[in-house]
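K.L.:
This is the structure I want to talk about, given as structure tokens.
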Amino acid sequence: MNDVPTRVLRETLAARIAPAPTSGCIDADTLAAWSDGALGARERAAAESHASSCARCQALLAAMARTAPPAPARRWWHAPTLKWLAPLAAAATAVVVWITVPRARPERTVPAAQAAAQASPQPRSAPETSPRAAAASAPPIADARPRAGADEQRAAGAKDVAQPRPRAAQTNAAASSAARDAAAAPPPPARAESAPPAAASDAAPGTLTFAAPPPAPPARRIEALRAQVLAKAVDVPTQIVSPNPTVRWRLVTGVGVERSIDGGMTWQPQSTGVTATPTAGAAPSPTICWLVGPGGLVLLSIEGRTWQRVPFPEAIDLTSVRASDGANATVTAADGRTFITSDGGKTWR
Amino acid sequence: MGAHSADLELARLCADGDERAWERFVREYRPLLYRAADGLDRTQGAREIADSLYADLYGITNSAGDRQSLFRYYQGRSSLATWLRAVLAQRYVDRVRGQRRVEPLPVEEAPARSEEPDPDRARYVALVREALGRAVAALAARDRLRLGCYYVQELTLAETGRVMNESEATSSRQLARARAAIRRDVERQLREDARLSDDQIAACLASVADDPGPLDLKQVIYE
């Protein structure tokens with residue numbers, strides 16, 4: 001069954017609001033106490049009851065909400081994305097280790113002393129140096145990069161759930177994290193890397209043998225795996241979710257712009273009048289959506305269904321957009337510059 | 001009251017014309033007021049209201065020698081910062097409403113209809129609008145206020161939650177619940193009162209979705 005159209009609901013709600021101030025209107029003192037949570041239950045209920053049918057008081061409450069200082073930034077270790085990042089990174093690490101390590105594992109083990117006796121002149125130094133050397137070379141990357149990646153994720157997620165980067169970045173971060181973790185892990189025994197297959201198979205019984213040819217260098221395998229993961233991530237269409245999650249848009253490469261009014265269950269294609277596919281967008285309300293793309297492409301819809309191209313001063317690739325309404329938007333170009341409009345794109349500064 | 005005693009003292013000193021207190025007030029609260037003004041109007045159009053607020057806060061001395069300052073109205077029920085935001089919001093809203101009152105109404109063009117009018121369409125639209133009006137009226141005042149904040153005032157979920165003193169997630173859930181309740185009530189009224197079938201009810205809702213209606217009733221209402 002169809003839902004009641006939002007526009008009609010909005011009109012019905014507005015029609016029930018008394019346009020002129022009435023005797024019970026909220027004064028500044030009560031408004032401030034409301035905002036600070038200092039009203040008693042009875043007074044609060046009375047104020048809510050009045051405001052539910054008074055245009056001026058609703059506008060006052062809305063204005064008050066808009067003047068509120070921004071919430072304090074959440075510490076990066078409290079970011080919700082990190083709750084997912086840790087298990088994701090662990091899972092990716094496990095996959096990479098599972099792929100790389102088992103093939104290098106010896107078919108059967110030998111006593112340590114025997115292995116030491118048969119090993120090359122560096123057997124003693126190898127166990128000492130390999131893991132630690134890898135670990136020693138890893139810290140600058142292993143320590144710094146995951147945190148930077150997490151910060152990027154958090155920042156992107158906090159700015160706009162609709163930006164295309166977070167999903168790719170999340171996968172990217174997981175793959176990178178896995179790669180880094182694998183790089184920091186102890187490498188296979190020295191013989192696995194140095195001895196050719198023939199030499200291994202020719203080895204005397206009781207020595208280290210391998211069931212399969214030595215694997216490709218881990219770095220290349222990990223890079224290939226990372227590329228596969230990224231390729232899948234890139235195929236995911238970018239979604240732009242409005243404040244009302246049932247209304248959203250998605251940007252499908254080669255197809256264009258599609259809109260859903262049922263939370264993404266069904267999608268309707270929309271004509272934008274341009275051939276290029278936008279790459280990012282922002283929807284500050286269920287009816288207003290900004291899209292940006294290559295060559296200075298800026299599109300704006302103010303009623304959610306039709307699109308108009310907004311003139312942009314430079315034919316530069318645009319990578320992201322933030323918008324608060326149909327007039328105010330900040331666009332970021334590929335070279336990092338930002339362009340701001342406060343008149344719906346008529347002028348940029 | 002005790003929680004804001006320092007604010008009350010600062011307000012009292014400023015109202016009495018204490019220059020050092022006034023300097024401290026300006027130094028500490030000017031950035032806050034400007035941030036709040038920019039939150040209301042990103043083009044900095046509300047900053048002049050913030051500036052004019054200073055004059056009223058500073059006060060004037062009348063012929064009897066009494067100093068009249070806006071600070072006298074601060075009761076300490078909230079923090080001074082919140083109270084200042086409330087006064088600013090009040091002045092801004094009243095100014096916007098005053099300006100809208102004198103602006104001419106836009107000329108509305110009749111919507112172009114390429115198709116032949118459906119004889120049932122007008123009746124369906126009227127039925128849904130009546131049912132919707134009754135369904136909204138039947139909601140609790142708190143639910144109506146939440147819907148008004150979100151759909152009429154176009155606040156974000158986070159801002160709506162701030163007004164309703166609840167989390168963003170709770171606002172989202174409550175909005176969805178209210179919408180579902182409205183839809184159920186509209187369908188019930190159409191089925192039981194207007195004796196419509198499921199197909200007719202679907203046609204009703206489709207009609208009202210296509211109906212341009214009084215497109216910006218909100219603007220008219222606010223006149």
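The values are calculated or read from the model by the stated rules, or taken from the named source; none is laboratory data. Model, not experiment: these values are computed from the prediction. Positions of Cβ are backbone-derived with ideal geometry, glycine not excepted, and every protein chain shown enters the neighbour counts.
K.L.:
Taking into account only those residues within the stretch A:301-325 that are of a type in the set (Gly, Ala, Ser) and out of contact with any Gly (no Cβ under 6 Å at 6 or more places or on another chain), which is farthest from A:Arg337 (Cα to Cα)?
P.N.:
A:Gly304
K.L.:
Looking at the stretch B:145-154, is at least one residue outside any helix (DSSP H, G or I) and not β-branched (Val, Ile, Thr)?
P.N.:
yes
The rows are residues; the columns are (1) out of contact with any Leu (no Cβ under 6 Å at 6 or more places or on another chain); (2) among the basic types (Lys, Arg); (3) at pLDDT below 90.
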{"site": "B:Met1", "(1), (2), (3)": "yes, no, yes"}
{"site": "B:Asp7", "(1), (2), (3)": "no, no, no"}
{"site": "B:Cys14", "(1), (2), (3)": "yes, no, no"}
{"site": "B:Thr43", "(1), (2), (3)": "yes, no, yes"}
{"site": "B:Gly59", "(1), (2), (3)": "yes, no, yes"}
{"site": "B:Gly65", "(1), (2), (3)": "yes, no, yes"}
{"site": "B:Ala86", "(1), (2), (3)": "no, no, no"}
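K.L.:
Does A:Ser301 qualify as being of a type outside the set (Asp, Glu) and in contact with a Cys (Cβ under 7 Å, 6 or more places away or on another chain)?
P.N.:
For A:Ser301, the condition - of a type outside the set (Asp, Glu) and in contact with a Cys (Cβ under 7 Å, 6 or more places away or on another chain) - is met.
K.L.:
Of all residues in the stretch A:290-327, how many are within 19 Å of A:Glu258 (Cβ to Cβ), within 14 Å of another protein chain (Cβ to nearest Cβ) and buried (at least 19 other Cβ atoms within 10 Å of the Cβ)?
P.N.:
1
K.L.:
I'd like the residue in the stretch B:155-174 that is assigned to a helix (DSSP H, G or I) and facing chain A (nearest Cβ under 7 Å) and, out of all such residues, is surrounded by the fewest Cβ atoms within 10 Å (Cβ to Cβ).
P.N.:
Among them, the one singled out is B:Leu157.
K.L.:
Something else about it: What number goes with the only condition from (1) charged (D, E, K, R); (2) within 24 Å of A:Ala65 (Cβ to Cβ); (3) more than 25 Å from the chain's Cα centre (by Cα) that B:Arg47 does not pass?
P.N.:
Of everything listed in (1) charged (D, E, K, R); (2) within 24 Å of A:Ala65 (Cβ to Cβ); (3) more than 25 Å from the chain's Cα centre (by Cα), B:Arg47 misses just condition (3).
K.L.:
Right, B:Arg91: modelled with pLDDT of 90 or more and surrounded by fewer than 17 Cβ atoms within 10 Å (Cβ to Cβ) or not?
P.N.:
No; evaluated as a whole, the condition is false for this residue.
Residues are listed down the side, and each one gets a yes or a no for (1) closer than 30 Å to B:Arg188 by Cα; (2) within 14 Å of another protein chain (Cβ to nearest Cβ); (3) at pLDDT 70 or above:
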| position | (1), (2), (3) |
| --- | --- |
| A:Arg42 | no, yes, yes |
| A:Ala45 | yes, yes, yes |
| A:Ser53 | yes, yes, yes |
| A:Met64 | no, yes, yes |
| A:Lys83 | no, no, no |
| A:Ala92 | no, no, yes |
| A:Thr100 | no, no, no |
| A:Glu107 | no, no, no |
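K.L.:
Filter the stretch B:131-154 for residues that are more than 7 Å from chain A (Cβ to nearest Cβ), in contact (Cβ under 8 Å) with a residue 12 or more places away in the chain and closer than 30 Å to B:Ser197 by Cα and give the result.
P.N.:
B:Ala131, B:Arg134, B:Ala135, B:Ala138, B:Leu139, B:Asp143 - these are the residues of the stretch B:131-154 that are more than 7 Å from chain A (Cβ to nearest Cβ), in contact (Cβ under 8 Å) with a residue 12 or more places away in the chain and closer than 30 Å to B:Ser197 by Cα.
K.L.:
In the stretch B:11-38, what count of residues is obtained for those that are assigned to a helix (DSSP H, G or I) and touching a Lys or Arg at 6+ places or on another chain (Cβ under 7 Å)?
P.N.:
4
K.L.:
Continuing with this model, one more query. When the residues of the stretch B:70-100 are filtered to those that are outside any helix (DSSP H, G or I) and of a type in the set (Ser, Thr, Tyr), which remaining residue is farthest from B:Gly39 (Cα to Cα)?
P.N.:
So, considering only residues that are outside any helix (DSSP H, G or I) and of a type in the set (Ser, Thr, Tyr), the one farthest from B:Gly39 (Cα to Cα) is B:Tyr74.
K.L.:
Name the single residue that is modelled with the lowest pLDDT among those in the stretch A:13-40 being within 7 Å of chain B (Cβ to nearest Cβ) and not in a helix (DSSP H, G or I).
P.N.:
Among those that are within 7 Å of chain B (Cβ to nearest Cβ) and not in a helix (DSSP H, G or I), it is A:Pro19.
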